[in-house]
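> First the structure, which I've put down as structure tokens, then a few questions once you've had a look.
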Amino acid sequence: MGIISFFKEAGQKLFGNKPEVAAAVAEPSNEEKAAAANEAASTAIKDYIRSNNLPADNLSITFSGADQIVTVAGLVATQEEREKIITCCGNVHGVAGVADEMTCDEPD
């Protein structure tokens with residue numbers, strides 16, 4: 001489906017609760033720190049999706065602090081669920097875009 005752009009300065013401040021993630025996302029200083037920060041951010045975003053009771057099979061979330069893009073993959077039952085998950089990913093402070101790699105059971 002492509003990359004959907006979002007305002008990275010708006011949304012839930014999930015990384016604010018984790019200063020090491022916020023710092024590494026803002027300014028990744030080395031590969032090891034950046035990888036750990038990306039993993040922590042991915043987990044925080046996935047937890048945020050789950051807290052909103054959005055179902056998906058094999059949900060995979062990856063975050064790249066370098067370009068501030070979330071990649072989301074998994075299987076959803078409806079287009080509505082797909083759109084809600086994409087919006088949830090994009091509604092995170094520090095996320096500039098969402099790369100949608102989800103599949104949907106609902107026919108087009």
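The values are calculated or read from the model by the stated rules, or taken from the named source; none is laboratory data. Just so it is clear, the structure is predicted and the values come from calculations on it, not from any experiment. Don't worry about glycine lacking a Cβ; one is built from the backbone with ideal geometry, like all the others, and counts go over all protein chains shown. When the accessible area is computed, the model is the full protein with side chains, heavy atoms only, and any ligands, DNA or RNA have been set aside. Shrake-Rupley method; radii C 1.70, N 1.55, O 1.52, S 1.80 Å.
> Considering (1) assigned to a strand (DSSP E or B); (2) under 14 Å from the mean Cα position of the chain (by Cα); (3) not hydrophobic (A, V, I, L, M, F, W, C), say which one residue 67 fails and leave the rest.
(1)
> So is residue 24 at negative phi, open to solvent by less than 40 Å² (accessible area, probe 1.4 Å), at pLDDT below 65 and assigned to a helix (DSSP H, G or I) or not?
Working: at negative phi: yes; open to solvent by less than 40 Å² (accessible area, probe 1.4 Å): yes; at pLDDT below 65: yes; assigned to a helix (DSSP H, G or I): yes.
Against the criterion (at negative phi, open to solvent by less than 40 Å² (accessible area, probe 1.4 Å), at pLDDT below 65 and assigned to a helix (DSSP H, G or I)), residue 24 qualifies.
> Kindly provide the set of residues from the stretch 67-108 that are without any contact (Cβ under 8 Å) to a residue 60 or more places away in the chain and in contact with a helix residue (DSSP H, G or I) (Cβ under 7 Å, 6 or more places away or on another chain), ordered by number.
Residues satisfying the conditions are 70, 72, 76, 85, 88, 89, 104, 106.
> On the given criteria, is residue 59 buried (at least 16 other Cβ atoms within 10 Å of the Cβ) and under 20 Å from residue 13 (Cβ atoms)?
On the way: buried (at least 16 other Cβ atoms within 10 Å of the Cβ): yes; under 20 Å from residue 13 (Cβ atoms): no.
For residue 59, the condition - buried (at least 16 other Cβ atoms within 10 Å of the Cβ) and under 20 Å from residue 13 (Cβ atoms) - is not met.
Every residue, every condition in (1) surrounded by 15 or more Cβ atoms within 10 Å (Cβ to Cβ); (2) modelled with pLDDT under 90; (3) on the phi > 0 side of the Ramachandran plot; (4) assigned to a strand (DSSP E or B), yes or no:
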{"position": "38", "(1), (2), (3), (4)": "yes, yes, no, no"}
{"position": "43", "(1), (2), (3), (4)": "yes, no, no, no"}
{"position": "46", "(1), (2), (3), (4)": "yes, no, no, no"}
{"position": "74", "(1), (2), (3), (4)": "yes, no, yes, yes"}
{"position": "83", "(1), (2), (3), (4)": "yes, no, no, no"}
{"position": "86", "(1), (2), (3), (4)": "yes, no, no, no"}
{"position": "99", "(1), (2), (3), (4)": "yes, no, no, yes"}
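> Also, quick follow-up: Which one of 90, 94 is under 9 Å from the mean Cα position of the chain (by Cα), surrounded by 15 or more Cβ atoms within 10 Å (Cβ to Cβ) and within 15 Å of residue 48 (Cα to Cα)?
Details: 94 fails: under 9 Å from the mean Cα position of the chain (by Cα).
Only one candidate qualifies: 90.
> Which residues, taken from the stretch 40-83, are touching a Lys or Arg at 6+ places or on another chain (Cβ under 7 Å) and within 13 Å of residue 98 (Cα to Cα)?
Matches in the stretch 40-83: 61, 68.
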